Amino acid sequence: FLSGDTGAAQQLYLKVLQQEPNNRDALLGMAAIALKHKQSGQAAAYYGKLLELDPADPEDLAGLIGLQGHSDPAQSESRLKKVLMQNPQADAAHFALGNLYAQQSRWAEAQQSHFRAYSTVPGNADYAFNLAVSLDHLNQGKLALDYYQRALAQPGPANFDKSSVQIRIKELLQPAGN
């Protein structure tokens, strides 16, 4: 999965789940692959299975709440804040909350949540990218540029279009007025 070969990763995760149906890593991997392929119902099923195993797991709660954010943003925000009160370092919950704020164009709040997620796990390309987008929307181009570059520098898979990020970096490097 980390190398970007979701097909091979899916086969291996399924093989693990045949032998160990409650394997957390394999269930999380399958949820991530489902999300990458825009199969939110399937991802929700994997997160649901994970929450059956550990109803208080902040990463699993954040994943499921993030999937449900469009249907009831106010409830999702409340649930994510509750997760964060109990687990202030839950990077996935900060990330999901930042994404929820971004969907509502609440850019200052999105920036804060994405920064907290990135501060907890600075090696996560998606966290750096979403922080850059938030900063970009707040007209903080110099900072956005830095985080776009950090996002591209991270190895492994990412859930953003790297070529679009490279174009945006070029735009931000252009002198004003050109």
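The values are calculated or read from the model by the stated rules, or taken from the named source; none is laboratory data. Nothing here was measured: the structure is a model prediction, and the numbers come from that model. Heads up, the Cβs are rebuilt from the backbone with ideal geometry, glycines too, and the neighbour counts pull from every protein chain shown. Keep in mind that these areas ignore ligands, DNA and RNA; they rest on the heavy atoms of the full protein, side chains included. Shrake-Rupley method; radii C 1.70, N 1.55, O 1.52, S 1.80 Å.
Numbers for the structure displayed
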read-out: Cα centroid of the stretch 139-173 to Cα centroid of the stretch 1-66, whole Å; value: 27 Å
read-out: Per-pair calculated FRET efficiency, R0 = 35 Å: LYS81 and GLN149 via Cβ, rounded to 0.05; value: 0.70
read-out: Selection from LEU173, ALA45, GLN104, by position along the positive dipole direction of the chain (Cβ); value: LEU173
read-out: FRET efficiency, GLN19 to SER163 (Cβ-Cβ, R0 35 Å, nearest 0.05); value: 0.35
read-out: Accessible solvent surface per residue of the stretch 68-173, calculated while the other protein chains remain in place, 1.4 angstrom probe, Å²; value: 53 Å²
read-out: Size of electric dipole in the chain: Cβ of Lys, Arg +1 and of Asp, Glu -1, about Cα centre, debye, nearest 20; value: 340 debye
read-out: Carbon/sulfur fraction of accessible area - the chain, other protein chains in place, 1.4 Å, %; value: 52 percent
read-out: Too-long pairs where the Cα-Cα distance tops 27 Å, listed order kept, from LYS81/LYS170; LYS15/LYS82; LYS142/LYS162; LYS81/LYS142; value: LYS81/LYS170; LYS15/LYS82; LYS81/LYS142
read-out: Relative contact order %, the stretch 1-107, counting alpha carbon pairs below 8 Å whose residues are six or more apart; value: 17 percent
read-out: Estimated distance in nm for a label pair at GLN89 and LYS142, the labels positioned 7 Å out from Cα along Cα-to-Cβ; value: 3.3 nm
read-out: With Cα atoms, 0 to 90° folded angle of helix 73-86 axis to the chain main axis; value: 80 degrees
read-out: Label corresponding to Rg and Dmax of the Cα atoms in Å when calculated from the structure given, among (1) 16.5, 45; (2) 17.0, 61; (3) 17.7, 54; value: (2)
read-out: CD proxy at 222 nm, helix term only [per DSSP H run n ≥ 4: -39500 (n - 2.57); per residue of the chain; nearest 500]; value: -23500 deg cm²/dmol
read-out: Angle between the chain longest axis and helix 24-36 axis [Cα atoms, degrees, rounded to 10]; value: 50 degrees
read-out: Cα-based convex hull volume of the stretch 121-178 per residue, rounded to whole Å³; value: 73 Å³
